[in-house]
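S.K.: Just dropping this structure here.
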Amino acid sequence: MKATAKAHTNIALIKYWGKRNEELILPTNNSLSITLDGFHTITNVSFKEELTNDVFYLNDSFVQGEQADRVTKFLNLVRDLAGRYVFAEVKSVNAVPTAAGFASSASGFAALAAASTKAVGLNLSDEQLSRLTRQGSGSACRSIYGGFAEWQKGEKEDGSDSFAVPVVAKDHWDIRVAAVVLSSKMKKVSSRAGMKRTVETSPFFKGWVESIPADLQSIKEGILERDFTKVGEIAEANCLKMHATTLGASPPFTYWLDTTVTVMQTVKQLRDSGIPAYFTIDAGPNVKVLYLPEYEVQIKQALQSIQGVADVKLSRVGQGITYLGDE
Ligand code: DP6
């Protein structure tokens, strides 16, 4: 009754922003991401008859409160699916800077879903696993796969047709991502709260949703053609549209800091000087920069020299769920 799984986080090029059902985590739009190497979570789940509740350790620290409640809520889904009502000990180790806009919930819930279903004896297909993972955290359903994945929002009320699928083979394209970590932090509006406020109050939300199908179609063509300019332009514009919806919310908010904007301007300057690079930003101040391998040295140098940048972590396309042998 135990298993260990490793999952990587992912960065969306077409963002998931807005839910049509908060309980089941059903999105208002399809989204598309790259799974990233380097940023991962390894989770060990042991179901034990002697436990009287679930216990959760993150990076060797015992966790209580909201984070632990989300783990238990997810394990309840797994127990219902398996028809086995046993509590679990969950030990997660995160190689993702938590709450720094690196979507640690994506690798976290993907690893939890994979390890817990394996430990309880369920043998799920990728599609079934993605659908289940979605209910822990939406973006996590894309991390089941390596490479480029698309989360199909689905139409059904029960969410049975809302899960991610691979877009191309994992090794289709060696595209790179530099994660730019800023030194100053701010009080965070979580992605969950941010998208809720946007859906409920932003007049720009309708335009955002309507713009998705065209973005999605073009970016998929760009990925198939390995057309970096096309993919970068669409990803950057899609990110800007998502962030524009937050400015229209009531009360308005933004995830950007002054250094966020400086990084965005640097990326533009790199492009103007003939080095292809495009940015994307999630629900936080940090920026991810898309680039091609041959420009790695210049990209790293330019980003590191920006005042207010604490670190630049380079990443490439990562793989999907893997199981580590201890069962
Ligand atoms: C901006 O997946 O963290 O990163 O489903 O409420 O857990 P919940 O939200 P979450 O939202 C991620 C939003 C985003 C865009 C994206 O990853 O597509």
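S.K.: Where is the GNM fluctuation largest for the chain (alpha-carbon springs, 10 angstrom cutoff): Pro276, Pro285, Pro213?
M.R.: So, out of Pro276, Pro285, Pro213, the one fluctuating most is Pro213.
S.K.: Taking R0 as 30 Å, what's the FRET efficiency between Gln269 and Lys188 from their Cβ-Cβ distance, rounded to 0.05? Mind dumping the intermediate values first?
M.R.: Values: r = 28 Å, r/R0 = 0.94.
Efficiency at R0 = 30 Å is approximately 0.60.
S.K.: Inverting the mean 1/r over all pairs of different Cα atoms, compute the Kirkwood radius of segment 7-160 and quote it in Å. Walk me through the numbers before you get to the answer.
M.R.: Details: mean 1/r = 0.0644 Å⁻¹.
Computed over segment 7-160, the radius equals 15.5 Å.
S.K.: A follow-up question, please. Along its principal axes, what span do the Cα atoms of segment 276-327 show, with the longest given first and each in whole Å?
M.R.: Taking the Cα atoms of segment 276-327, the three principal extents are 47, 28, 17 Å.
S.K.: Give me the dipole magnitude in Debye, nearest 20, for segment 256-327 about the Cα centre, with unit charges on the beta carbon: positive for Lys and Arg, negative for Asp and Glu. Before the final figure, lay out each step's value.
M.R.: Values: 6 positive and 8 negative charges, 61 e Å.
Approximately 300 debye in magnitude.
S.K.: Using the Karplus curve 6.51 cos²θ - 1.76 cosθ + 1.60 with θ = phi - 60°, work out ³J(HN,Hα) for each residue of segment 282-288 in order, rounded to whole Hz, and write x for Gly and Pro.
M.R.: 8, 7, x, x, 6, 10, 10
S.K.: Still on this structure: How high is the FRET efficiency between Lys156 and Glu23 when r is their beta carbon distance and R₀ equals 22 Å, given to the nearest 0.05?
M.R.: In this case the efficiency is close to 0.95.
S.K.: Can you give me the % of accessible surface on the chain that is carbon or sulfur? Probe 1.4 Å, all protein chains present, nothing else counted. Can you show the working numbers first?
M.R.: Values: 6970 of 13800 Å².
In the chain, the share of accessible area belonging to carbon and sulfur is 50 percent.
S.K.: For segment 200-244, I need the span (max minus min coordinate) of the C-alpha atoms along each principal axis, in Å, sorted largest to smallest.
M.R.: Each principal axis gives a Cα extent; for segment 200-244 these are 38, 16, 10 Å.
S.K.: How about segment 18-121: which GluC sites (Glu not before Pro) there are in a DSSP loop, with at most 15 other Cβ atoms within 10 Å of their Cβ?
M.R.: Answer by residue number: Glu22, Glu23, Glu49, Glu50.
S.K.: Another one. Normalized C-alpha radius of gyration of segment 171-249, against 2.2 N^0.38 Å? Mind dumping the intermediate values first?
M.R.: Numbers: Rg = 15.3 Å, N = 79, 2.2 N^0.38 = 11.6 Å.
Its radius of gyration relative to the 2.2 N^0.38 Å reference: 1.32.
S.K.: Follow-up. As a test question: what accessible area, to the nearest 10 Å², does Phe39 have when a 1.4 Å probe is rolled over all protein chains in place?
M.R.: Only protein atoms counted, so the area is about 10 Å².
S.K.: Suppose the chain between Phe62 and Gln304 were pulled fully straight at 0.36 nm per residue; how much longer would it get relative to their current alpha carbon spacing? Numbers along the way, then the final one.
M.R.: On the way: separation 242, 0.36 × 242 = 87.12 nm, distance 3.50 nm.
Stretched fully, the Phe62-Gln304 segment lengthens by 83.6 nm.
S.K.: Pull up the cross-link candidates among the aspartates and glutamates for Lys153, meaning alpha carbon to alpha carbon under 17 Å and not fewer than 8 places away within one chain.
M.R.: Glu22, Glu23, Asp126, Glu127, Asp161, Glu210, Asp215
S.K.: Roughly speaking, what is the centre-to-centre gap between segment 185-227 and segment 279-313 when only Cα atoms are used, to the nearest Å?
M.R.: Their Cα centres are 21 Å away from one another.
S.K.: Further question on the same structure: For the chain, what does -39500 (n - 2.57) per DSSP helix run (n ≥ 4), summed and divided by total residues, give at 222 nm, in deg cm²/dmol to the nearest 500? Present the calculation step by step, with values, prior to reporting the outcome.
M.R.: Working: 8 runs with 118 residues, N = 327.
When only DSSP H runs of four or more count, the value is -12000 deg cm²/dmol.
S.K.: So if a site counts as exposed when it's one of the trypsin sites (Lys or Arg not before Pro), its DSSP state isn't H, G, I, E or B, and it has at most 11 other Cβ atoms within 10 Å, what's the longest stretch of the chain without one?
M.R.: Numbers: sites that count: Lys156, Lys187.
My reading of the result: 1-155 is the longest stretch.
S.K.: Let me ask something additional. Projected area of segment 50-92, taken from the Cα convex hull and averaged over every viewing direction, in nm²? It would help to have the intermediate numbers written out before the result.
M.R.: Working: hull surface 12.1 nm².
Averaging across all directions leaves 3.0 nm² for the Cα convex hull.
S.K.: Springs between alpha-carbon pairs under 10 angstrom, Gaussian network model over the chain: which of Asn29, Asn44, Asn53 fluctuates most?
M.R.: Asn53
S.K.: List, in order, the whole-Hz ³J(HN,Hα) value for each residue of segment 214-227 obtained from phi through the Karplus relation with A = 6.51, B = -1.76, C = 1.60 and θ = phi - 60°; use x for Gly and Pro.
M.R.: So the Karplus estimates, Gly and Pro as x, are 5, 4, 5, 5, 5, 5, 5, 4, x, 5, 4, 7, 6, 9 Hz.
S.K.: Related question: At what distance in nm do the modelled label points of Ala237 and Val165 sit from each other, each positioned 7 Å from its Cα along Cα→Cβ?
M.R.: 2.5
S.K.: Put a dot 7 Å past each Cα toward the Cβ at Ala214 and Leu81; how far apart are the dots in nm?
M.R.: It works out to 3.8 nm between the two label points.
S.K.: Collect residues whose amide H, placed 1.01 Å from N in the peptide plane, falls under 5 Å from the amide H of Ala95; neighbours closer than 5 in sequence don't count.
M.R.: The list, which skips near neighbours in sequence, is His40, Thr41, Ile42.
S.K.: Please state the Cα pair-distance histogram of segment 92-236 with 5 angstrom bins from zero: what percent is in each bin?
M.R.: All Cα pairs, binned at 5 Å, distribute as 2, 8, 13, 17, 21, 20, 13, 6, 1, 0 percent.
S.K.: Oh, and also: What fraction, in whole percent, of alpha-carbon pairs in segment 14-60 exceed 18 Å separation?
M.R.: Details: 673 of 1081 pairs.
Of all Cα-Cα distances in segment 14-60, 62 percent exceed 18 Å.
S.K.: Quick one: plug the Kirkwood hydrodynamic radius of the chain (C-alpha pairs) into Stokes-Einstein at 37 °C, 0.692 mPa s, and report D in µm²/s. The partial results should precede the final answer.
M.R.: Working: Rh = 20.0 Å.
In µm²/s, the coefficient rounds to 164.
S.K.: If you don't mind, another one. Sequence-distant or interchain residues sharing an amide H contact under 5 Å with Phe253, placed H: which?
M.R.: Amide H neighbours of Phe253, under 5 Å, 5+ apart: Leu247.
S.K.: Just tell me which lysines come within less than 19 Å, Cα to Cα, of Lys170; anything on the same chain fewer than 8 places away is out.
M.R.: Straight-line reach from Lys170, under 19 Å: Lys6, Lys220.
S.K.: On to the next question. Just to confirm the number: angle between the C-alpha axis of helix 258-272 and the first principal axis of the chain, 0 to 90 degrees, nearest 10?
M.R.: On a 0 to 90 degree scale, this one is about 60.
S.K.: Here's a follow-up. Highest GNM mean-square fluctuation, the chain, Cα pairs closer than 10 Å: which of Ala214, Ala95, Ala113?
M.R.: Ala214
The values are calculated or read from the model by the stated rules, or taken from the named source; none is laboratory data. Only a predicted model underlies this, so the values are computations on that prediction, with no experimental measurement involved. Glycine gets a Cβ as well: all are built from the backbone with ideal geometry, and neighbour counts include every protein chain shown. Note: accessible area is taken over every heavy atom of the protein model, side chains too, but ligands, DNA and RNA are not part of it. Shrake-Rupley method; radii C 1.70, N 1.55, O 1.52, S 1.80 Å.
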